Every structure is written in C-alpha cells, then in structure tokens.
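A.B. asks: Right, I'll just put the structure down here and ask away after.
The values are calculated or read from the model by the stated rules, or taken from the named source; none is laboratory data. Please read all numbers here as calculations on a predicted model, not as lab measurements. A quick note on method: Cβ atoms are made from the backbone with ideal geometry, for glycine too, and the neighbour counts reach across all protein chains shown. To get the accessible areas, we keep the full protein, side chains included, count just its heavy atoms, and leave off ligands, DNA and RNA. Shrake-Rupley method; radii C 1.70, N 1.55, O 1.52, S 1.80 Å.
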Amino acid sequence: MKIKSFDEYKQVYQQSVEQPEQFWAGIADNFLWRKKWDKVLDWNFKEPNIKWFQGAKLNITENCLDRHLETLGDKPAIIWEPNDPQENHRILTYRQLHDKVCEFANVLKNNGAKKGDRICIYMPMVPELAIAVLACARIGAIHSVVFGGFSAQSIADRINDAACNIVITADGGYRGTKEIPLKSIIDDALVQCPSIQRVIVLTRSRTPVSMIKGRDVWWEDEIKKVETQGNTACTAEEMDAEDMLFILYTSGSTGKPKGVVHTCGGYMVYTGYTFANAFQYNQGEVYFCTADIGWITGHSYIAYGPLSQGATTVLFEGIPSWPTPGRFWDIVEKYKVNILYTAPTAIRSLMSFGDEALQGKDFSSLKKLGSVGEPINEEAWHWFDEKIGHKQCPIVDTWWQTETGGFMISPIAGVTPTKPGYATLPLPGVQPVLVDENGKIIEGNGVSGNLCIRFPWPGMLRTTYGDHNRCRTTYFATYENLYFTGDGCLRDEDGYYRITGRVDDVLNVSGHRIGTAEVENAINMHSSVVESAVVGYPHDIKGQGIYAFVVCPKHHADDDLTRKDIMMTVSRIIGAIAKPDKIQFVTGLPKTRSGKIMRRILRKIAEGDTSNLGDTSTLLDPAVVEEIKAGAL
Ligand code: WT7
C-alpha cells in the first residue's frame, strides 16, 4: 500500500486516475472484510449519491484492534500523556485497548444502545475518549463527538439535530491550569434535550457533579457490572460498508453547523491508506498528533487511521504551553516520538516563546513532521524545519477537510518533494481541479482558482445528517459535477498546489473552523445588539482573528463592559473559541440598496487597509464607511 519513490508516485497517480476502481479495490484489499464488495463504486455528484464498496461487510474496530492481536497484541496502541506531567502516564497495548473497548461496548448495550443509535461524546482527552468512540463503532452505534470547548447550547443543538439517546462524558477535564466542568455543561445542555435517556459519566477530575437517578450512571460502576456479569467479550457488529460510522458537526457559511456523515468502509480504507502513505509509517514508530479527538484530525489521525495501521499513537490531554512552552518537546523526548503532526497556529505560538524553550531538549528521535488546519506561512515552515526537524525531517503539509475524511493534497514523507507553504501534490486517487467563477476548469500551471474535486474518493462525506439537500447545495451545486471545497488555491509553475484560504464566509481561527454567520447570530442574541457583521483579519498567532462590527445603540454601561458582555454571550451560545478578538461599535453597516452587507469593505477595514476600498457606488449610505474607517480598532 505504501509508495516508495517519486517515480512510483507518478506512475501510481496516473493509474489511479485512469482506473480508479481498480486502484481503490487494490488498496481496500489491505483491510479485513467479513465479506468483500460486489461493486467498488457507484456515484453521481448531482444528488449526490456516493457508494463505495457496496455489498461489503466489516467492522472498523476489527481492523483497528482484533486483526493486530496476534502480531502486535503487546505493542502500545495508545500512549497517554496527562495534562499534569507529575501525574502518571498510561500505556494501552493493542490487547488492553481491545479488551477495554469490548467491555465498554457491553456497557453501552447494557444501557440500551443499539446499532444505528446516535451517541454524543463530550469528553476530555483521556484514553476513555478513544475507548468510547471505538466502543460505539464496535456495536454499530453512530458517534457524534463534540469538542470539549463547545458550550451547552452548541451541545444541545448537536444532540437534538441527531436525536441522540445517550451521552458519554466525564465529571471534568483539565487543560493547562483550567478545569472544565464537563458534566455540569452537559446538565445545562440536557435541559433542552428530550431524546437523551442515559448519561454515562467517567470520573476524571472528581469534581462534585449532580447525578440524576434513572438518567446518570458512572462509567466505573457500569464496567464493574459487566465484569461481575462475566460479560466482557463483545463480538463486533457486522456493518455494511455504507452504514454510518459517525457524524461530526462543522461550520459553514450559514448560522447552523452541519452534521458531516462518514460511513464505515470508505472512511476506514481512506484514513488507513492516507496515514500509512503520507507519514510513511513504519512498524514500531511512535506517532504524536497534537489535535483533539473532538475534531476530524483526531478522529482520522489519532484514532482510526493510526490504529488500523497498528501504529503507536500518543494522546495528550493538555496544551502546548503548560506548565512550560517546552511541553511538546518534553513529550517528544519522553516517548521518543518519531512523527509529530501539529498545526501552524501551535507552531507560531511556540515560536513566539523564543529559542529558550528548545534548549536542552532532545529532538533526535524525530523523523517526520506534519502540519494541518490552515495555510502554513513560510516563516513558521522554516522554523519547524530548522528548529524542530533540524533539517532532517520532511514536513508533510496535509490539506484536507472534515468533509474529505482524510488527506487529499499532501507530500508523501521522504518520497515526494516538499515546498514551503505548499501542500504540493494530490495523493493518488485524488483529482483536484481549479475553476473560475463560472465553474470553467482552468487548465495548465501558474494559475489560481477555486479548488474542486472532480472524482469521488472513499473518505468523502456522504450526506449532511438529516438534510441531504443541504449537502447538495453546499458542496455539489456551486459547480456542476464537482465537489466544491470552499478553498481558494494556486497551482504554481511546477504544478504544486498552495491553498490560499477560504473563499466563503468561513473563518479559520487557530485551526478551528468558525462561520461568520454563526458568530453574528450569537452576538445578535445580546439584548442591546441590533445587528452585527463579522469578518476575519490576519492574526500573528491564530492565523485569523475575529473582528466584529456591532450596532448597539442603547447600551447603558461603558463600551468595554458591553464588549465583555457580548463576548460572554458568544461564549454561552457557541463557546470560548468563537469570541471576537475585536469589537467595534458602529452606528450602521455598509449595505447595498438591496440590503446586503458589503463584507468586502469591512474585511479591508479590519485588515487595516483602507487606501482602496474598491467600488462603493452601490452603497446605500457611503457616510457609514467613513465613520467605520475613523473608528477602526
Ligand atoms: C479547512 C478545513 C483538515 C483537518 C483540520 C481542519 C483549511 C486544512 C490545510 C492546509 C491550508 C488548510 C482549509 C480547509 N486547511 N488544512 N494544510 N493548508 N489550509 O479541518 O475544520 O474541516 O477545516 O481548513 O481552509 O477547507 P476543517
């Protein structure tokens, strides 16, 4: 399954375009199927209708766990590093992980979980999070993991959208010096969630929590029950390749996040294949992805991808800057990490602490580096290359999305060339195209356009949960017969791809995807706000910061206090990750005669570039622009 030279890449790529079905069938042969497929691919991008490996039967956890037991049973599957370096770390071998997943799968069944149920997971980064995810997959329940930074309201919206019947959470979690009261946040959410029958609560921080009779049970008690019942083995549920594996909510250009749906067979093949290739994973290597399982990066490249390849994956509970800004490097040294996969925002933030944080750390175990989440600026790329990789480690800048399930455009470590700031070339099986505004495909090199994909790949989303039409209009209706990524992209003279950022109303703040409309809705919930417009602006560490223009005529406190109230409102409605960095009070927003906000103008002002605001002749009230310019922060 692994490509070993640039020449082989070119040849395999060619084959993957000419005979995609044969290509993917060959990749899929490397996995464990209860029954093989009748048909490799059925598709159209019109509806869309995408089916990979129809007729095949499998369970992804047999690929991630059972099939490794004989050869890798005693090898570490998960190395867990706690938030506090004084606390003991934990290592789970493949056998231990298998056993724990089976036990917890039986806990789920004891608590009424069945195949097809939706289960919400809201947990800290502890091994039990991975166990919960895999246990759902084991019994064919569909997990919907919600990142621990989201608010009660966001959780409730996600639970209700999917009509989940069970929540798995913990009393609390740690991140740096902060303790997050997860169960208490869940309790707030559940006031609005009639579908929830059961809450399973892991003890982590042992902070006091309310436990409601008939609804809430402790993880540990439930495990004891299956142990005393002697009910610890759990045969994996047989799944169709196209059965849903999970839902993961992500932001778009409307106010409401959508539930991206991934299915069992294609997602398994795609994450395993891309992990093995891009990182050129060799048996025994220690791999550390610094993301959270609450995002797609964690799903695909902490859990499923590495585990299906029998890798050792490091799970880190804490944050890069605590207790010192050298924390990542301590982890690299402690576990002799060979592959480090992180985000540009983390790199920039660690750069800002200066070279002292690197002094005395041993980076010699590192062989390969990876970056994901946003375009990486050249300065950060070179720092990563020189200070962390000591110019010995290829950097794979992996471009992909929640919707793509796995890497799409990325170097193959040590095999294909890298270029600072570039995701470089599509992986075999991926067919990117650039289009102009009219959807016309732009051929040749040295060109830019909107990035689309013209042929299906096994890891792609199948639908948006509960609303297939939304999937069609968001991704497949902008350009006929193409999947539209929402990203702008340059293809340079050598044919290398460089992602230039979103072309829709989606922000990328510290690698977190946030819709401007979502933030506006939250701001507008504040009692004195009349309306608002949110845009992104370049931010040294976060990549993009959030700039809010707010019409708030009658606020009765001072401006600063009102700003804080608005921030608090956004934290309550979405979560702290969506708090604006800047709030400018304005008396009106620049609108066209038809009432459309001219964001282009606001973006320029937020960027501090007011010299040329472009055509403002369609504005209803040009005076408003002058006022906003004068008051810019
Ligand atoms: C958006 C997807 C994919 C996992 C993390 C984010 C941006 C992602 C890169 C990269 C430039 C990137 C894109 C994309 N993005 N990786 N290597 N270079 N931009 O997943 O939350 O679904 O966000 O992140 O804009 O569309 P996500």
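A.B. asks: What Cys residues in the chain are without a partner cysteine, judged by a Cβ distance under 4.7 Å?
C.D. replies: Cys64, Cys136, Cys193, Cys264, Cys289, Cys393, Cys452, Cys471, Cys489, Cys552
A.B. asks: Spin-label point model (7 Å from Cα, Cβ direction): what's the Ser611 to Gln192 distance in nm?
C.D. replies: 4.6
A.B. asks: Could you tell me the distance between the Cα centroids of segment 197-274 and segment 396-434, to the nearest Å?
C.D. replies: 30
A.B. asks: Evaluate E = 1/(1 + (r/R0)^6) for Leu358 and Gln283, where r is the Cβ-Cβ distance and R0 equals 25 Å; express this FRET efficiency to the nearest 0.05.
C.D. replies: Efficiency for this residue pair is about 0.25.
A.B. asks: From the phi angles alone, apply the Karplus equation (6.51, -1.76, 1.60; θ = phi - 60°) to segment 108-122 and give each ³J(HN,Hα) in whole Hz, x where the residue is Gly or Pro.
C.D. replies: 4, 4, 4, 9, x, 6, 10, 3, x, 5, 9, 10, 8, 10, 9
A.B. asks: Counting other Cβ atoms within 10 Å, keep those with at most 13, restrict to DSSP loop, and tell me which trypsin sites (Lys or Arg not before Pro) in segment 419-502 are left.
C.D. replies: For trypsin sites (Lys or Arg not before Pro) across segment 419-502 that sit outside H, G, I, E and B with at most 13 neighbouring Cβ atoms in 10 Å, the list reads Lys440.
A.B. asks: When the chain is fully extended, how far beyond the present Cα-Cα distance does Thr228 get from Thr500, taking 0.36 nm per residue of separation?
C.D. replies: Once the chain is fully extended between Thr228 and Thr500, it gains 92.3 nm.
A.B. asks: Just the number, please: Stokes-Einstein D of segment 303-346 in µm²/s, Kirkwood Rh from C-alpha pairs, 25 °C, 0.890 mPa s.
C.D. replies: Taking Rh from Cα pairs, D becomes 209 µm²/s.
A.B. asks: Would you mind calculating the gained length between Asp29 and Lys334 on full extension (0.36 nm times residue separation, minus the Cα-Cα distance), in nm to one decimal?
C.D. replies: Separation in residues times 0.36 nm, less the Cα-Cα distance, equals 106.2 nm.
A.B. asks: Also, I was wondering about something else. Kirkwood-based Rg over Rh for segment 316-432 (C-alpha set), two decimals?
C.D. replies: Over the Cα atoms of segment 316-432, Rg/Rh equals 0.97.
A.B. asks: Also, quick follow-up: Between segment 140-163 and segment 482-500, what's the alpha-carbon centroid distance in Å?
C.D. replies: Centre-to-centre (Cα) distance: 32 Å.
A.B. asks: Can you tell me the FRET efficiency between Asn481 and Lys582 if r is taken as the Cβ-Cβ distance and R0 is 51 Å, rounded to the nearest 0.05?
C.D. replies: E(calc), rounded to 0.05, equals 0.80.
A.B. asks: Okay, moving on. For segment 506-630, what does the convex hull of the Cα positions come to per residue, in cubic angstrom?
C.D. replies: Considering the Cα atoms of segment 506-630, their hull volume per residue is 107 Å³.
A.B. asks: Which whole number in µm²/s is D for segment 478-541 by Stokes-Einstein, with the Kirkwood Rh taken over Cα pairs at 37 °C and 0.692 mPa s?
C.D. replies: The estimated diffusion coefficient comes to 229 µm²/s.
A.B. asks: Same structure again: Rank by packing, highest mean first: peptides 424-435, 519-530, with packing defined as the count of other Cβ atoms within 10 Å averaged across residues.
C.D. replies: Going by the mean number of other Cβ atoms within 10 Å, highest first, we get 424-435, 519-530.
A.B. asks: While we're on this one: For Asn445 and Asp621, compute 0.36 nm times the residue count separating them, minus their Cα-Cα distance, and round to one decimal in nm.
C.D. replies: This chain segment gains 59.1 nm when fully extended.
A.B. asks: Mind listing the phi-derived Karplus ³J(HN,Hα) values for segment 331-339, rounded to whole Hz, using 6.51, -1.76 and 1.60 with θ = phi - 60°, and x for any glycine or proline?
C.D. replies: Each residue's phi maps through the Karplus curve to give 5, 4, 5, 4, 10, 6, 5, 9, 10 Hz.
A.B. asks: Starting from the coordinates of the alpha-carbon atoms of segment 154-195, obtain the Kirkwood hydrodynamic radius over all distinct pairs and give the value in Å to one decimal.
C.D. replies: About 11.0 Å for segment 154-195.
A.B. asks: A follow-up question, please. Mean 1/r over all different Cα pairs, inverted: what Kirkwood radius does the chain give, in Å?
C.D. replies: That comes to 25.3 Å for the chain.
A.B. asks: Something else about it: Sorted by accessible area (1.4 Å probe), largest first, how do Asp161, Asp216 line up?
C.D. replies: Largest to smallest exposure gives the sequence Asp161, Asp216.
A.B. asks: Show the residues, 5+ positions off or on another chain, whose built amide H is closer than 5 Å to the amide H of Ile78.
C.D. replies: So Ile78 has HN proximity to Leu92, Thr313.
A.B. asks: Rounded to the nearest 0.05, what FRET efficiency is calculated for Trp218 and Gln19 with R0 set to 51 Å and r the Cβ-Cβ distance?
C.D. replies: Once the sixth-power term is evaluated, E becomes 0.45.
A.B. asks: Another question, then. Hey, which aspartates and glutamates would be in cross-link range of Lys440, C-alpha to C-alpha under 13 Å, not counting anything within fewer than 8 residues on its own chain?
C.D. replies: Glu480
A.B. asks: Could you sort out which of Lys178/Lys225; Lys114/Lys256; Lys115/Lys183; Lys256/Lys579; Lys554/Lys582; Lys57/Lys256 sit more than 23 Å apart by Cα distance in this structure?
C.D. replies: Lys178/Lys225; Lys114/Lys256; Lys115/Lys183; Lys57/Lys256
A.B. asks: Hey, how many Å between the Cα centroid of segment 587-633 and the Cα centroid of segment 170-188?
C.D. replies: 41
A.B. asks: Among all the lysines, which ones have a C-alpha under 18 Å from Lys2's C-alpha, if same-chain residues fewer than 8 places away are not counted?
C.D. replies: Straight-distance partners of Lys2: Lys10, Lys367, Lys368.
A.B. asks: Sum -39500 (n - 2.57) across every DSSP H segment of at least 4 residues in the chain, then divide by the residue count to get the 222 nm mean residue ellipticity, nearest 500.
C.D. replies: For the chain, the value works out to -8000 deg cm²/dmol.
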